[in-house]
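Structure, as structure tokens:
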């Protein structure tokens, strides 16, 4: 093998290894027409501004389906794959009543670094959870989903993490706000 071919082969192998080591991106499937929100701030403070999404929900008389996924979370990938597989069944139900908001994060972001801007306040994760009436003592879990009306009022207590919404009937119960 010529030196040129060896260099090209090594470059191809290095590229493949580099791509394989990069974490997959958290992506709510496109069929659901998600609005993607990247965090603003510093490495010590990842803030998601929910105000534009809330204004849009009010204008369009819809609810918000807020999804917090991590780029390196296997459970997020599993949930996203479930949504992709069942898009034909689920998208009409999402589209009827919800705006999907896809918050992009990573497992390295801790609860102490995560902030949500709602109204005129920027709330750290724990305070945000208390504000929406979730008093459970739990750590930040990926994936997490919150359902809000256009005024940022939580619509129901949501499960989070592995095993979340693993069947179409369970997902439809959530969308219909059935507990």
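The values are calculated or read from the model by the stated rules, or taken from the named source; none is laboratory data. Please read all numbers here as calculations on a predicted model, not as lab measurements. Positions of Cβ are generated from backbone atoms using ideal geometry, with glycine treated the same way; all protein chains shown enter the neighbour counts.
Side notes on the structure shown:
- Selected residue (only one of 53, 57 is more than 18 Å from residue 143 (Cβ to Cβ), in contact with a strand residue (DSSP E or B) (Cβ under 9 Å, 6 or more places away or on another chain), touching a residue at least 12 places away in the same chain (Cβ under 8 Å) and in a helix (DSSP H, G or I)): 57
- Residues that are assigned to a strand (DSSP E or B) and either free of Cβ contacts under 8 Å to residues at least 40 places away in the same chain or in contact with a helix residue (DSSP H, G or I) (Cβ under 7 Å, 6 or more places away or on another chain) (or both), drawn from the stretch 99-112: 99, 100, 101
- Hits in the stretch 25-42 (condition: on the phi < 0 side of the Ramachandran plot and either in a strand (DSSP E or B) or free of Cβ contacts under 8 Å to residues at least 40 places away in the same chain (or both)): 30, 35, 36, 37, 40, 42
- Unique match (being more than 28 Å from residue 45 (Cβ to Cβ) and in contact with a strand residue (DSSP E or B) (Cβ under 8 Å, 6 or more places away or on another chain)) among 97, 102: 97
- Candidate set: the stretch 142-158, residues that are modelled with pLDDT of 85 or more, assigned to a loop (DSSP other than H, G, I, E, B) and within 17 Å of residue 69 (Cα to Cα); chosen: the one farthest from the chain's Cα centre (by Cα): 142
- Residue 130, sole failed condition from (1) more than 22 Å from residue 33 (Cα to Cα); (2) touching a residue at least 12 places away in the same chain (Cβ under 8 Å); (3) part of a helix (DSSP H, G or I): (2)
- Unmet criterion (only one of (1) more than 20 Å from residue 156 (Cβ to Cβ); (2) in a strand (DSSP E or B); (3) modelled with pLDDT of 95 or more) for residue 64: (1)
- Index of the failed condition, residue 161 passing every other in (1) at pLDDT 90 or above; (2) on the phi > 0 side of the Ramachandran plot; (3) under 17 Å from the mean Cα position of the chain (by Cα): (1)
- Residue within the stretch 41-54 that is closer than 26 Å to residue 168 by Cβ, surrounded by 17 or more Cβ atoms within 10 Å (Cβ to Cβ) and modelled with pLDDT under 95 present: no
- Scanning the stretch 98-114 for residues that are under 13 Å from residue 175 (Cα atoms) and within 12 Å of the chain's Cα centre (by Cα) returns a single hit, 100.
- Of all positions in the stretch 77-97, none carries a residue that is assigned to a strand (DSSP E or B), surrounded by 12 or more Cβ atoms within 10 Å (Cβ to Cβ) and within 17 Å of the chain's Cα centre (by Cα).
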